[in-house]
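Contents: one structure, followed by commentary.
The values are calculated or read from the model by the stated rules, or taken from the named source; none is laboratory data. Since the structure is predicted, the reported quantities are computational estimates derived from the model, not experimental observations. Every residue, glycine as well, gets a Cβ built from its backbone with ideal geometry; the counts of neighbours run over all protein chains shown. To get the accessible areas, we keep the full protein, side chains included, count just its heavy atoms, and leave off ligands, DNA and RNA. Shrake-Rupley method; radii C 1.70, N 1.55, O 1.52, S 1.80 Å.
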Amino acid sequence: LPAALPEAAGPGTAPLPWCPAAAAIQTPASPLLTAEAPAAPERGRGPHRSGLAAAVPVGPSVSVVFPGAVSRESCCRFACELLKHVLYQRHQLPLPYEQLAYFCRRPAQVGDVIKKPPSVDLASKKCQQVLMDLEGMLQHLEVMFSLTLVPRVLILLGGSAVSPKELYELNLEGVCVSSAEKSLKTTSCVRKLFHSLFIADVFSELKALPVMGTVVMLQGHRDCGVEWFRPKLNYKVPTRGRKLTVNLSCDGDISISASAPSSMTSAWEDYIWFQAPVTLKGFHE
């Protein structure tokens with residue numbers, strides 16, 4: 001089990017524009033795992049004619065509540081670590097990212113306790129290309145999170161950005177962001193996040209996937225100035241395919257300034273979807 005999280009910082013932290021009031025945030029006794037039920041079809045009409053209501057993907061939802069504010073750097077880490085975890089768990093990488101990078105870039109030496117798997121060849125162009133693309137993605141995610149608040153991140157496996165086979169959403173709308181000095185430690189928050197995913201056991205019963213492409217999309221302010229990610233003004237979150245949502249929020253000793261619903265709505269309208277121009281292609285030789 002991960003070590004206990006440090007206590008939240010004192011007042012003075014700044015929440016996201018859409019951060020809910022403290023009273024609205026419920027702290028569960030343990031990480032929650034719930035199922036998203038599809039909307040009921042309209043009366044007198046079959047599911048095939050009930051529009052989008054019948055196409056809403058059914059999947060689990062994991063909720064994690066941090067006992068204090070988090071930094072932007074922590075939010076970026078959540079997204080990066082979840083991306084690497086999904087790629088490995090869904091069989092797009094033969095090893096966890098850190099091990100893959102270690103074996104691909106270090107020649108085997110006499111006396112190695114851990115032998116390099118045959119599927120990970122030092123000279124493998126596929127391995128080197130996957131690592132280069134993924135590392136580039138992680139670097140650009142860091143830039144994006146430094147330029148703007150990011151309320152939602154989508155990891156789309158297979159198919160296309162509008163019709164993926166699987167969809168993994170990281171929802172940061174309930175997170176309250178503060179400076180690094182007044183925030184919880186990133187490592188402790190990452191441990192809590194993955195402990196919750198472990199307890200929820202959301203990957204164990206899934207069938208192995210073939211090699212496929214992975215698209216990353218995220219929301220940011222329309223005027224954030226990012227150059228690498230491409231704005232997608234008319235993008236809609238897919239309503240088909242298997243979906244897992246990871247909801248993050250903050251509770252505890254957090255100073256939340258009162259903000260009118262109208263200003264929150266106005267701030268929300270200024271955030272649009274951006275798409276990474278690179279599709280991450282998995283491999284397992």
Just to verify a result, which residue in segment 240-281, among those that are part of a loop (DSSP other than H, G, I, E, B) and within 18 Å of the chain's Cα centre (by Cα), is modelled with the lowest pLDDT?
Gly241
Wholly enclosed helices (runs of 4 or more DSSP H) of segment 60-155 bearing at least 3 residues at pLDDT 90 or above, of a type outside the set (A, V, I, L, M, F, W, C) and closer than 24 Å to Asn247 by Cα
72-89, 125-147
Among (1) of a type outside the set (Val, Ile, Thr); (2) open to solvent by 70 Å² or more (accessible area, probe 1.4 Å); (3) at pLDDT 95 or above; (4) in contact with a helix residue (DSSP H, G or I) (Cβ under 6 Å, 6 or more places away or on another chain) - the single one Pro47 does not satisfy:
(3)
Residues that are of a type in the set (A, V, I, L, M) and surrounded by 18 or more Cβ atoms within 10 Å (Cβ to Cβ), drawn from segment 174-197
Val175, Val177, Leu184, Leu193, Leu197
So Gln128 passes all but one of these: (1) in contact (Cβ under 8 Å) with a residue 40 or more places away in the chain; (2) open to solvent by 30 Å² or more (accessible area, probe 1.4 Å); (3) of a type in the set (S, T, N, Q). Which condition number does it fail?
(1)
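Restricting to segment 198-217, give me the number of residues that are among the hydroxyl-bearing types (Ser, Thr, Tyr) and surrounded by fewer than 17 Cβ atoms within 10 Å (Cβ to Cβ).
Qualifying residue count, segment 198-217: 1.
Which of the residues belonging to segment 139-173 are of a type in the set (Asp, Glu) and open to solvent by less than 50 Å² (accessible area, probe 1.4 Å)?
Within segment 139-173, Glu166, Glu169 qualify.
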Filter segment 226-239 for residues that are charged (D, E, K, R) and assigned to a strand (DSSP E or B); which is surrounded by the most Cβ atoms within 10 Å (Cβ to Cβ)?
Lys232
Would it be correct to say that Ser160 is in contact (Cβ under 8 Å) with a residue 40 or more places away in the chain and not in a loop (DSSP other than H, G, I, E, B)?
no
State yes or no: is Ser196 modelled with pLDDT of 95 or more and within 28 Å of Pro67 (Cβ to Cβ)?
yes
Applying the selection to segment 174-190, what residues are among the hydroxyl-bearing types (Ser, Thr, Tyr) and part of a helix (DSSP H, G or I)?
Thr186, Thr187, Ser188
Residues (at pLDDT below 95 and of a type in the set (S, T, N, Q)) located in segment 156-193
Ser160, Ser163, Ser178, Ser179, Ser183
